[in-house]
1. In the list D434, D406, which residue meets the criterion of being more than 27 Å from the chain's Cα centre (by Cα) and either among the hydrophobic types (A, V, I, L, M, F, W, C) or not in a loop (DSSP other than H, G, I, E, B) (or both)?
2. Kindly evaluate L452 against the criterion of being buried (at least 22 other Cβ atoms within 10 Å of the Cβ) and at pLDDT 95 or above.
3. Could you tell me how many of the residues in segment 351-365 are in contact with an Asp or Glu (Cβ under 9 Å, 6 or more places away or on another chain), surrounded by fewer than 19 Cβ atoms within 10 Å (Cβ to Cβ) and in contact (Cβ under 8 Å) with a residue 24 or more places away in the chain?
4. Quick one: count up the residues across segment 258-269 that are outside any loop (DSSP other than H, G, I, E, B), over 17 Å from E598 (Cα atoms) and not β-branched (V, I, T).
5. How many residues does segment 314-347 contain that are closer than 19 Å to P384 by Cβ, out of contact with any Leu (no Cβ under 9 Å at 6 or more places or on another chain) and among the aliphatic types (A, V, I, L, M)?
6. Out of curiosity, is Q212 surrounded by 13 or more Cβ atoms within 10 Å (Cβ to Cβ), modelled with pLDDT of 65 or more and touching a helix residue (DSSP H, G or I) at 6+ places or on another chain (Cβ under 6 Å)?
7. K235 passes all but one of (1) touching a helix residue (DSSP H, G or I) at 6+ places or on another chain (Cβ under 6 Å); (2) among the basic types (K, R); (3) at pLDDT 95 or above; which number fails?
8. Need pairs with beta-carbon distance below 8 Å; first residue within 23 Å of V183 (Cα to Cα) and within segment 567-593, second crowded, with 17+ Cβ neighbours inside 10 Å and among the charged types (D, E, K, R); sequence gap 6+ or separate chains.
Amino acid sequence: MPNGICSECIVTKSLCTHTRQKKRRGPKIGSTRTSPLSQTQSVKTSVRKILSKSKVALPEDPNTMRVLMVQMASHIQYLERKLALADGPSKTTESAGPASNPDQQNSDSDSDQEEIGPDVNALTEDFEKLSVSVSLSQVYSRHFGESSNPMLLMMAIDIGRELGSNTNQSFLPEWQSVFEQRVKRHEYWTSPWLEPAVYSHYGFPPPDLLLQLVDLYFTCHATLFPLLHRPTFEKDLANGLHLRDRDFGNLVLAVIAMGSRYSDDPRVFVPNSNSVYSAGWSWFSQIQFDSGAVWDFTEPLSLQRLQTLCLSCYYVYPTTIGDAAWNFVGSGIRCAQERGAHRRDINNQKPTVEKELWRRTFWTFILFDTHLSAHTGRPMVTTPQDYDAEYLTECDDEYWINADTDKAFVQPEATLCRVSFYNYYIKLTEILGDVIRLLYPIRKPKVTEGVLKSKEKAVLDLDAALNKWIDSLPEHLKWDPNREDELFFRQSAMIHWEYYWIQIFIHAQFIPRPGKTSVLPFPSLAICANAARSCLHVVETYTKRSPELKGEMPTIIFHCALILLVNLWRGLKMGVNLDVQKEMIDIHKCVWIIRLWERRFQHAGRMCDMLNALVVVSGLSQTLGPSITRMPGPEVHRDPVTSATGSDLFPPSTCNREAPVEPSYRFDQPVALPFRSYELGELPVHGSFADIFTARPEEVQGTSYQNEYSSHMTNRTAETSEVELLNEDTRVLESRDGSSNRVSGTGDDWTAFETETDPFFAAIFLH
């Protein structure tokens, strides 16, 4: 939380009264009391009706009228308090209305108004300005947790303020000026082709283009994210089912919309849009998600409709309407549960095509639910306690159907299964979900010494789960930059950059503020910085070799870039002797990779613009020579789109089809990447990837964290599960207690620790 102010108070412009003590949320059971926000909305609606020219019928019921008057009076008092805060601290106590607890008002409220009030106002104003500039999709009307990109950027800007000469002055105006006037490129922030359309019948592309887009979907997308059964789908398509069945027609529209993302055929773009980002929209926009004849939620949805929802999540996520994926996932999970897709087959029968497709559909929703929760800071729709579905059957599509039923769903022993990767990806994502539930609960456990121990133990257990996962990988999925099989290389790269990102996710909240030491024994800053460098190396290797683009990757690289950038700022603030130009090498690589992705995905261009502005206003752009600062602009399929004037660091140039210029400091020497947290924690905090990892010994000798981890694992009983806490309700943490052989923390220590934790790194993944 920036300056101890929660994101909700920043967005709603409320005085933050958040404390570290646990309080019961909401009214008592059975109470009809509404929330302040609901009261405010109700008051605004009522006032708007009263002041309108049309006649308004006031409620006849005395109780209803009294509720309305109380709401209005409460809102007036709220406005009076805001006005008093704006006039100055001296008038605050005189103008404020009576508090419900006089003692608390004297002890807490006054100090809050004097110390926190100005920060609330400043951060609220800053966040509103940021929302206007970086409106990823109406930021002001949607909740974004502290792990989301808008709040993450807000934290970085707030930390930038601490680096300036006047720490009380907002860093945002300078950033916003650079962003709006020199950096922001409107083609990444607007989508003029997104107009609602009404279709009486579906329009499909010409047969040659239709088959081409279907093939692109299955070869470029489905090999990483299996959802459909290609032989069955193509058979139904050849029989013209999409021309007779609306459900299958919707599914075909979603498939060709996804395939359009990988096509250079000018027919996939919206006519006269002049933008590659409109690829597939002509077909996707025909899918109507309203509750009409096509999407009637009063009846259980068919498998094909849920498959269409899955593909819709993939399609909209990297666009300007990416928040729609959040709603698609929520609806999809509920509808899949309604059909029983979340339960295992109790009869243990042989797989069938339909059962396997339901299984794929359900797990696709689970993966999206977990990742969107991590990226937006919102709660997940469901947890592992709510489902027991089996993983995917490890059998490739071509072996599902056989005239001999005994040979159906039997993978040849000599043939490696392409779908095995997805099961390992699911298991890794389940660990990510455990991290969210254990380390980032919205409902914080009561502060006790036992909770401190449980936090430490949870981190060790999560690290153990990651170690067990990476040790279990089959040979064809282990990281090898020289792997000859292109598909297995792509699959391996994807799960490894996800692996490093989850390590960052675990340790980011335990990074102390500059000059402070953490109560917990983890070298969290070193782990996060080197995990970011390792993740970058995997993505860089993948990007140079594989032409297919995955829409989620820019978000991970964006997080890595911000971690490395703020890590550099921390070093400068603490007076560390740094080679800034070397430190900037990895940051520049992050931007270079995002620039590659912005050629097809708008959200990548947005992230590049935000990073660009941060680097420029920090003054770090002066450390880079002109040979590595000139990069081409985005790709446009016909006429160039007018861009904003470029910045000094990564200026857009005339739009063309060529890839951004690769940094001149290529590092092609094979590197043995560190995988375990204690290996990452042993490496230096500062430096470039090339300098740090070439000097790294093959085996990291025993470090304090490695010894702590080894001791932790040795003391575990044989019956203890690999991640003991993962499947427990986080409220169980409240009752954990006992002594610790090493940690001598108290409740006050834990509160102090959380206060001193670097708010930016905590906010990267904090809900």
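1. Numbers: D434 fails: more than 27 Å from the chain's Cα centre (by Cα).
Every option except D406 fails the conditions.
2. Values: buried (at least 22 other Cβ atoms within 10 Å of the Cβ): yes; at pLDDT 95 or above: no.
Considered against the rule, which asks whether it is buried (at least 22 other Cβ atoms within 10 Å of the Cβ) and at pLDDT 95 or above, L452 comes out as no.
3. Adding up the residues that qualify gives 1.
4. Residues that pass the stated criteria total 3.
5. Counting residues in segment 314-347 that are closer than 19 Å to P384 by Cβ, out of contact with any Leu (no Cβ under 9 Å at 6 or more places or on another chain) and among the aliphatic types (A, V, I, L, M) gives 2.
6. On the way: surrounded by 13 or more Cβ atoms within 10 Å (Cβ to Cβ): yes; modelled with pLDDT of 65 or more: yes; touching a helix residue (DSSP H, G or I) at 6+ places or on another chain (Cβ under 6 Å): no.
Judged against the criteria, Q212 is not a match.
7. Just one mismatch for K235, condition (1).
8. Listed pairs, sorted by first residue: L568/E583; D586/R533; K589/E540; I593/E540.
The values are calculated or read from the model by the stated rules, or taken from the named source; none is laboratory data. Small disclaimer: the values here were computed from a predicted structure and weren't measured. Counting neighbours? That spans all protein chains shown, and the Cβs are built from the backbone with ideal geometry, glycine included.
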